[in-house]
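Quick notes on the structure that follows.
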Amino acid sequence: AKGATAQLWLPLPKTASGWQQASKVEYIGEADTNHTINDTDASYYHASWQDGKTRQCVVSCLVRTADRSVAITSLASSAKTPLPQDVQIFLQPSQHIPVDGIVLDTAREATQGANTPLEKARAIYEWVVENSFRDPKTQGCGMGDIKSMLEIGNLGGKCADISSLFVGLARASGIPAREVFGIRAAESKLFKSLGKAGDITRAQHCRAEFYLAGHGWVPVDPADVRKAVLEEQLALNDPKIAALRAKLFGYWEMNWVAFNHARDFSLKPQAASNPINFLMYPYAELEGTPREHLAPDQFIYRIAAEELAA
């Protein structure tokens, strides 16, 4: 930052058993303070500068990933299996994810005829894929304001919008669910449009998962179905899209790095925008005023990824 006091928050990759391991967070640069903060829902790096001089910093991390796949046909949930306490919070509403009113009404419509949590989750996934669409004009990854989307009857948006729609309808149906915010970091084996390597500054991507009692968290990605439809110029009923649609209920291709599942939460130290919507992009403040994090050419940041041999 030039000529003013500045603060910077950077989302850091999470470690998740079986599919992602993060290590070796390193910092290069000069800052008055810099440290890693590990909250319950998010880990991030914070730095501050007080002297008003132009500064640069580089934060790096090593991440090992493995494709995440759940055999849906083998899943079974038991009503007698209690939800863990740390899972129950993902039934609760937040500022951008209400679970009453039009959200509840839509959830009931989407799950009509479904009985078990798995059947309801699948019905919601299919409803979101059928009724949403990717809007290339949406800024960034969208805001995920599902109440507004449903009220105006426009279910167009990008990944944060479509994933949040799944999460809100699932929670309103009594199924714990959450968004997972991250970034594409390698080419895709599924579709070219679903990967990004090298300069990944604009490759942020939000996915979703729901919790099934007796099993655990199940990955889904309705947003990438809609991204492939738009960017590969294929119809929703095209056999290639039909195969992708079936695959992405219970599967994440891990050419993507997960950051966190924090939503409508407060950064530490105190940020001017608290609570923030989500932390998927670098976030900075200059003299207490937030910078435009969706404009890396103005905010001046770059994110790069390099795939290493196992």
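Brief remarks on what is shown
- Cα→Cβ-extended label distance, 7 Å offset, between T138 and N274, nm: 2.9
- Here is the tail figure for the chain: Cα pairs spaced more than 31 Å apart come to 30 percent of all pairs.
- Taking a straight Cα-Cα cut-off under 19 Å and skipping sequence neighbours fewer than 8 places away in the same chain, the lysines within cross-link reach of K192 are K158, K227, K240, K247.
- From phi via Karplus (6.51, -1.76, 1.60), per-residue ³J(HN,Hα) for the range 170-186 in Hz, x at Gly/Pro: 5, 4, 5, 9, x, 10, x, 8, 7, 7, 10, 9, x, 8, 6, 9, 7
- Potential lengthening between D297 and E187 on full extension [0.36 nm per residue; Cα-Cα distance subtracted]: 37.2 nm
- Of the solvent-accessible surface of the chain, computed with a 1.4 Å probe and all protein chains present, 49% belongs to carbon and sulfur.
- In summary, the aspartates and glutamates within cross-link reach of K147, defined as a Cα separation below 13 angstrom excluding same-chain residues under 8 places away, comprise D100, D105, D161.
- Cut-off 14 Å between beta-carbons: net charge of the residues surrounding L308, Lys and Arg +1, Asp and Glu -1: 0
- Within straight-line reach of K14, meaning a Cα separation under 17 Å, sit the following lysines at least 8 residues removed in sequence or on another chain: K24.
- Against the compact-protein benchmark of 2.2 N^0.38 Å, the Cα-based radius of gyration of the range 249-302 scales to 1.38.
- Accessible area per residue for the chain is 48 Å², calculated with a 1.4 Å probe on protein heavy atoms, without ligands, DNA or RNA.
The values are calculated or read from the model by the stated rules, or taken from the named source; none is laboratory data. Since this is a predicted model, take the numbers as computed values, not measurements. For neighbour counting, all protein chains shown are included, and Cβ atoms are generated from backbone atoms with ideal geometry for every residue, glycine included. The area values use the complete protein model at the heavy-atom level, side chains included, leaving out ligands, DNA and RNA. Shrake-Rupley method; radii C 1.70, N 1.55, O 1.52, S 1.80 Å.
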